[in-house]
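The values are calculated or read from the model by the stated rules, or taken from the named source; none is laboratory data. Small disclaimer: the values here were computed from a predicted structure and weren't measured. Here Cβ is always computed from backbone atoms with ideal geometry, including for glycine, and neighbour counts include all displayed protein chains.
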Amino acid sequence: MDVETETKPITMTDRAAKRVAEILASEPEGSMLRVAVLGGGCSGFQYDFEITTEKGDDDLVLSRDGATILIDAISQQYMPGAVIDFADELIAAAFKIDNPLAKSGCGCGTSFSI
């Protein structure tokens with residue numbers, strides 16, 4: 001990993017912010033979307049999405065237009081410069097993460113290798 005990649009911020013697109021805000025609108029007040037990187041999946045690592053009301057001390061907080069995404073410190077190490085997006089396509093609607101560290105991924109779009 002190069003220094004330039006390590007210092008790039010994690011961001012979310014307008015589409016992702018809109019969809020997160022829509023999801024959180026039907027959840028209890030103070031709810032946030034947690035994005036985490038876990039070991040597993042068909043490529044070695046996988047993204048996990050969970051709605052929570054608890055923020056950790058080391059969480060990165062991305063807020064925009066009523067949407068709040070949390071990313072823990074360990075997961076941040078696996079996704080510097082990543083862009084969190086939402087794609088609503090004919091065959092599926094899902095959050096997509098464009099991660100510059102990912103060397104390969106699988107067809108499901110939630111699993112990757114470094």
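Restricted to segment 32-57, and to residues that are of a type in the set (S, T, N, Q) and under 16 Å from residue 95 (Cβ atoms), which residue is farthest from the chain's Cα centre (by Cα)? Going through the qualifying residues, I end up with 52. Quick check, is residue 75 modelled with pLDDT under 85, of a type outside the set (D, E, K, R), buried (at least 18 other Cβ atoms within 10 Å of the Cβ) and more than 17 Å from residue 23 (Cβ to Cβ)? So residue 75 fails the test. Among the residues of segment 16-55, the one identified as within 23 Å of residue 99 (Cβ to Cβ), modelled with pLDDT of 95 or more and exposed (fewer than 13 other Cβ atoms within 10 Å of the Cβ) is 50. Looking at this structure, is residue 48 of a type in the set (Asp, Glu) and in contact with a Ser or Thr (Cβ under 9 Å, 6 or more places away or on another chain)? Yes: the conditions hold for residue 48.
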